[in-house]
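I have placed the structure first, in the form of structure tokens, so that the comments after it can refer back to it.
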Amino acid sequence: MRYFFEEYAFDTDRRELLRGAEVVSVAPQVFDLLDYLIRNRERVVSKDDLINVIWNGRSVSDAALTTRVNAARTAIGDSGEEQRLIKTLPRKGFRFVGTVLEAQGAIEGLSGSVLDHSIGKVILFWIGAQIGEGENRPAGGMIFGSRW
């Protein structure tokens, strides 16, 4: 699955985070944390949820969790002060609040320039190809970029 938000592409199959055409280095636990927050963005994710999923229920300090959340924010150009993408809800948990577009399956012929973010924010539109039936039906979809 691929998730697109702001100038980022988050690919769970390849375990990659891209900012424009550049790969952003992300530690495995930070990647898993981002993945879980993005997939569960319609709700507040509690600290206990994250510990169960990311650390398999092991005892983890609040400092370790805070370090991973801060690393996730840094990887996607967010901060604890700004909280534009990952919002902290005191005594409740965390929520991914950015606008996300999803793309399932392989995306053929995607060039890095489509995700180039140097001029401004990229809006990505996923157009699923659900036209026709049988062997003549196209698979996958296309992504188009637009700037403002």
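Name the one entry in THR88, THR67 that is assigned by TED's automatic domain parsing to the domain that holds ALA27, in a strand (DSSP E or B) and either modelled with pLDDT of 95 or more or in contact with a strand residue (DSSP E or B) (Cβ under 7 Å, 6 or more places away or on another chain) (or both).
The conditions single out THR88.
Looking only at segment 23-79, which residues are under 16 Å from LYS92 (Cα atoms) and of a type in the set (Asp, Glu)?
Answer for segment 23-79, where residues must be under 16 Å from LYS92 (Cα atoms) and of a type in the set (Asp, Glu): GLU42, ASP48, ASP49, ASP62.
Which residues, taken from segment 1-23, are outside any loop (DSSP other than H, G, I, E, B), closer than 20 Å to VAL69 by Cα and within 12 Å of the chain's Cα centre (by Cα)?
Listed by number, the residues that qualify are TYR3, PHE4, PHE5, TYR8, ALA9, PHE10, ASP11, GLU16, LEU17, LEU18, ARG19.
For residues that are more than 13 Å from the chain's Cα centre (by Cα) and either exposed (fewer than 14 other Cβ atoms within 10 Å of the Cβ) or of a type outside the set (A, V, I, L, M, F, W, C) (or both), tally how many sit in segment 77-95.
Count: 13.
Any idea which of (1) part of a helix (DSSP H, G or I); (2) on the phi > 0 side of the Ramachandran plot is the one LEU33 doesn't satisfy?
Going through the list (1) part of a helix (DSSP H, G or I); (2) on the phi > 0 side of the Ramachandran plot, LEU33 breaks only (2).
From the list ILE143, ILE51, which residue is within 20 Å of ASP13 (Cβ to Cβ) and either in a strand (DSSP E or B) or at pLDDT 50 or above (or both)?
ILE143
Does THR74 satisfy the criteria of being without any contact (Cβ under 8 Å) to a residue 60 or more places away in the chain and surrounded by fewer than 15 Cβ atoms within 10 Å (Cβ to Cβ)?
Yes, satisfied.
If you check THR74 against the conditions, is it at pLDDT 95 or above, over 19 Å from PHE10 (Cβ atoms) and part of a helix (DSSP H, G or I)?
Against the criterion (at pLDDT 95 or above, over 19 Å from PHE10 (Cβ atoms) and part of a helix (DSSP H, G or I)), THR74 does not qualify.
The values are calculated or read from the model by the stated rules, or taken from the named source; none is laboratory data. Note that this is a predicted model, so its numbers are computed, not measured. Glycine gets a Cβ as well: all are built from the backbone with ideal geometry, and neighbour counts include every protein chain shown.
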